[in-house]
Amino acid sequence: MPEIPSTIEHDIAELERQLEEKKAALGQEKPEKEILHEVVGERIQQHVPTYVPTPPVSTSSPITAEPPSYLAQELKDKIQEIVKLVFTKNLDEGIKEAAKTGNMALIDAFHDILTDELYNQLIEQRKLTKVE
């Protein structure tokens with residue numbers, strides 16, 4: 001039987017399922033976005049075993065830090081290109097493309113941006129409720 005190619009819709013459904021499993025296991029100890037960040041980080045680690053995700057940056061922090069130096073414009077452009085690939089093809093293709101760079105800072109930034117994009121998609125689809 002031929003394998004059905006993965007699409008972003010399929011990937012989002014799978015992420016939803018994983019998110020629900022983690023929420024059930026953790027209870028309501030963590031916000032959904034943080035759990036989603038972990039789930040996406042685990043997917044990235046399947047392709048980049050040496051990748052260690054950094055915790056998501058809290059936007060509620062009163063400290064206004066300088067943006068990290070690795071988010072230079074050329075890296076931002078590359079990350080956006082990879083995120084577009086995720087939404088036009090699938091999550092695994094985007095992760096593979098990010099892994100090809102070998103740049104852990106880029107992969108980490110891709111992880112954070114992708115989590116934000118997926119979180120927003122899930123909110124739009126009313127699969128999650130935005131927490132203010």
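Looking for something within 16 Å of the chain's Cα centre (by Cα), surrounded by 13 or more Cβ atoms within 10 Å (Cβ to Cβ), closer than 17 Å to L118 by Cα and modelled with pLDDT of 65 or more - is there at least one such residue anywhere in region 61-76? No: zero hits.
For region 37-55, the set of residues classified as farther than 12 Å from T115 by Cβ and either open to solvent by less than 10 Å² (accessible area, probe 1.4 Å) or within 9 Å of the chain's Cα centre (by Cα) (or both) consists of Y51 only.
Screening region 20-56 for residues that are modelled with pLDDT of 85 or more and aliphatic (A, V, I, L, M) and picking the one that is nearest to E93 (Cα to Cα) gives I44.
The values are calculated or read from the model by the stated rules, or taken from the named source; none is laboratory data. Bear in mind that the values here come from a model prediction, so they are computed numbers and not experimental data. For neighbour counting, all protein chains shown are included, and Cβ atoms are generated from backbone atoms with ideal geometry for every residue, glycine included. These accessible areas exclude ligands, DNA and RNA; they are computed on the full protein's heavy atoms, side chains included. Shrake-Rupley method; radii C 1.70, N 1.55, O 1.52, S 1.80 Å.
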